[in-house]
Amino acid sequence: MSALSPTALKADKRTYKRLEINLRRNRQQDHTALLDQAASAFDYSACRDVPWNPERFSLLWGTPFWDQASASERVLLNQLYWVAYYADIISAEIATIYFNQTSAAALYGIDDFRLVCDTLDLESSQERAHINAFKTVGEAVEAELFGERVFTYSMRGPFAETVIFTDTNQLREKAKRMLLRTFGVLSAQNAFVGCQYFLIRGLRTLLGKIVQHQLSTFHAEQADPEQSPIPSQISFFHFQDESFHFNSSTIISHDVVKCLPPPSRLEAWVMNETVKGAQKDLRPFSVVGDGLNWHGPRTLGVVHKVLTSRVFGLSSREAVEMMRRCYGEESDGLHQAAETHRTAIASYRKYLDGIDWLTESNRQVTLAADNDIPRVLAANRRALDRFAAEVAT
Ligand SMILES: [Fe+2]
Ligand SMILES: [Fe+2]
């Protein structure tokens with residue numbers, strides 16, 4: 001194409017316009033200042049007696065532990081869900097910032113892609129404000145309740161597992177780190193890979209949207225939203241920013257990509273492997289929290305820590321017995337988590353529909369769908385036996 005004729009992106013007026021509108025509106029409504037303000041005004045003592053999420057979004061909701069919990073313990077479980085959920089989001093957003101930058105580096109090498117790159121710059125700086133707000137609240141709550149970290153962690157780089165309690169082990173974690181590093185290098189120099197990173201980002205946001213929409217509604221539905229607990233306000237502000245991020249993920253991965261040549265076999269293979277990774281992240285579900293893709297066996301230590309803490313006061317043996325019931329038996333909590341898991345898989349399928357370079361397994365999301373209640377219970381019971389023996393010694 002001659003340098004003086006319109007580039008493919010500008011020639012696709014509809015897509016270009018949608019990108020412009022999305023960036024303009026995100027700039028106008030940017031919630032960074034509100035999130036920074038909310039984070040610095042957070043005072044746990046001002047909102048420690050009230051829930052921050054709809055009731056269902058509570059740690060161990062619908063399990064035997066939830067059933068026997070007092071009203072004030074249920075409030076704590078509700079707040080701890082917030083802390084746990086956003087600890088998971090922080091890790092995903094740290095990775096997002098990095099891959100926004102690497103992908104932008106590749107895309108900026110194409111004429112007229114400045115608009116896409118400016119969008120990503122704004123979104124990355126918004127993620128930093130999101131992370132700061134989640135971290136400020138999470139750490140303050142854990143310091144007050146436990147005097148130590150439980151779900152939160154110190155700031156870390158983008159190559160850690162994005163789901164903090166995923167189904168992995170040391171070897172697989174090491175391999176994942178290498179894969180993420182390789183993906184970083186590739187996405188920074190290959191326009192197709194850089195562009196299709198946003199397919200992965202869009203997929204991740206889909207599950208986030210299912211939960212975060214409900215968390216944000218909790219704030220919006222308060223009689224006086226201005227007086228709602230600061231963490232609920234943060235959920236709301238965050239969801240507003242994220243809806244723009246989801247739009248840009250969809251426009252870039254589904255429409256902007258059409259301005260690029262079709263993928264080579266190698267490019268399609270790289271992206272199929274990456275979608276497979278996203279499927280692996282989606283596969284687990286557990287009673288710990290609805291909408292969290294946490295692998296039950298990996299969460300035993302952290303839940304034991306919560307139950308034996310000063311605030312819940314169970315002995316180690318009582319905690320293990322309770323955990324056998326919560327993790328090892330069917331419950332409303334488990335059925336709810338399975339239901340959300342099915343909803344997420346259906347929305348992944350819809351998002352991936354019509355993408356011609358995907359393998360059949362990726363298009364049908366078969367790897368993530370290959371999990372169910374009996375398998376979750378069996379894996380939990382095996383892990384509980386090992387865990388009980390470990391804590392008894
Ligand atoms: Fe975010
Ligand atoms: Fe985002």
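In plain terms, if you count all Cα to Cα distances in the range 8-392 and split them into 10 Å steps from zero, the share in each step is 5, 23, 32, 25, 12, 3, 0 percent. The distance separating the Cα centre of the range 153-173 from that of the range 36-77 comes to 26 Å.
Only the Cβ atoms of Lys and Arg (+1) and of Asp and Glu (-1) were treated as charged; on that basis the dipole of the range 17-107 about its Cα centre amounts to roughly 540 debye.
Each Lys and Arg Cβ is given +1 and each Asp and Glu Cβ -1; about its Cα centre, the range 8-392 then shows a dipole of about 1140 debye. About its Cα centre, the dipole of the range 291-370 is roughly 380 debye, where the only charges are +1 on Lys and Arg Cβ and -1 on Asp and Glu Cβ. Report the one residue of 295, 53, 113 whose Cα lies farthest in the direction of the positive end of the charge dipole of the chain (charges on C-beta: Lys and Arg +1, Asp and Glu -1; origin at the Cα centre). With unit charges placed on the Cβ atoms, the residue in question is 113. The 3J(HN,Hα) values that the Karplus relation (6.51, -1.76, 1.60; θ = phi - 60°) gives for the range 324-336 are, in residue order, 4, 6, 5, 8, x, 10, 5, 7, 4, x, 5, 5, 5 Hz. Gly and Pro appear as x. Distance between the C-alpha centres of the range 84-129 and the range 275-308: 26 Å, rounded to the whole angstrom.
Along the range 274-281 the Karplus relation, 6.51 cos²θ - 1.76 cosθ + 1.60 evaluated at θ = phi - 60°, assigns HN-Hα couplings of 6, 5, 4, x, 5, 5, 4, 5 Hz to successive residues, with x for each Gly and Pro. Over 32 Å apart at the Cα level, from the set 280/305; 13/280; 13/135, are 13/280; 13/135.
A protection proxy built from the mean count of other Cβ atoms within 10 Å ranks the segments 66-72, 175-181, most packed first, as 175-181, 66-72. A 1.4 Å probe run over the range 8-392, with the rest of the protein chains in place, finds 43 Å² accessible per residue. Between the C-alpha center of the range 224-248 and that of the range 190-223 there is a gap of 12 Å.
The values are calculated or read from the model by the stated rules, or taken from the named source; none is laboratory data. Treat the numbers as computed from the prediction; the structure is a model and nothing was measured. For neighbour counting, all protein chains shown are included, and Cβ atoms are generated from backbone atoms with ideal geometry for every residue, glycine included. Only protein heavy atoms, including side chains, enter the accessible area calculation; ligands, DNA and RNA are left aside. Shrake-Rupley method; radii C 1.70, N 1.55, O 1.52, S 1.80 Å.
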